[in-house]
1. Using modelled amide H (1.01 Å from N, peptide plane; none on Pro or chain starts), what sits under 5 Å from the amide H of H80, excluding residues fewer than 5 places away?
2. On each of the three principal axes of the Cα atoms of the chain, give max minus min coordinate, whole Å, ordered largest first.
3. Which far-off residues, 5 or more places away or on another chain, put their amide H under 5 Å from the one on G32, with H placed in the peptide plane?
4. Say R0 is 22 Å: what FRET efficiency, to the nearest 0.05, do V69 and K11 get from their beta-carbon distance?
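Readers should treat all values here as calculations from the given coordinates under stated rules, not as data from a laboratory. Everything quoted here is computed from the prediction, not taken from an experiment. When we count neighbours, we look across all protein chains shown, and the Cβ atoms used for this are built from the backbone with ideal geometry, even at glycine.
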Amino acid sequence: MDERRTVKVSKYLSKHLRHQPERIGLTLDESGWVEIDVLMAAAVAHGFPFTREELNRVVATNDKRRFAVEGSRIRASQGHSIEVDLGLPPAPPPPPYLYHGTVARFLDAIRTEGLRPMNRHDVHLSADRETATRVGARRGRAVVLTVDASAMHRDGHVFHVSANGVWLTRAVPARYLRFPQSH
Ligand code: HQG
């Protein structure tokens, strides 16, 4: 299976396990799970057949471990825009600082409103600058913001860690953000 096919199957799974299951007639349970057989049948019925081997490969090799398989079921580990309760336990205290990669054109709004989840459930934060830089770079020249996660935790903000190591929180008020000096 070549890399292009893996990416294609992965994008198809993301679209239907995070955002638009109804587009192919899928219903996810309240935690985002669906039977793999049901998913595969829906994909066939909507003109995008893939094999179980291809699915396994996407789950196993995906750079970010976006999908989790448990028994006969699959779900996206994070990144949903639809309402799901991932049932993640409140995380242990976060590291002192977390990072968020964005781009300069959003900074005015972020300074006023803080970080908002936009179309997703939660704001996505990374434990390291490198990851945050990659996330920001999807949109242009990355600007990495530093989040005072200790202070947020102390003030009662709740964090979760997804199965693939992304730190999630509902919002980051601007007072917890540090902007790079150049911005
Ligand atoms: C920005 C990918 C204006 C925010 C990545 C970001 C990540 C604001 C964009 C994961 C704002 C939302 C998440 C405000 C935040 N005003 N703009 N108040 N607050 N923003 O894609 O963090 O490939 O929903 O900076 O690797 O970029 O999906 O979030 O630029 O892990 O697995 O609004 O998505 O993973 O964009 O990326 P996103 P994100 P996957």
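1. Placed amide hydrogens put H121 under 5 Å from H80.
2. Computed over the chain, the largest-to-smallest principal extents equal 51, 33, 25 Å.
3. Long-range HN contacts for G32: D85.
4. E(calc), rounded to 0.05, equals 0.80.
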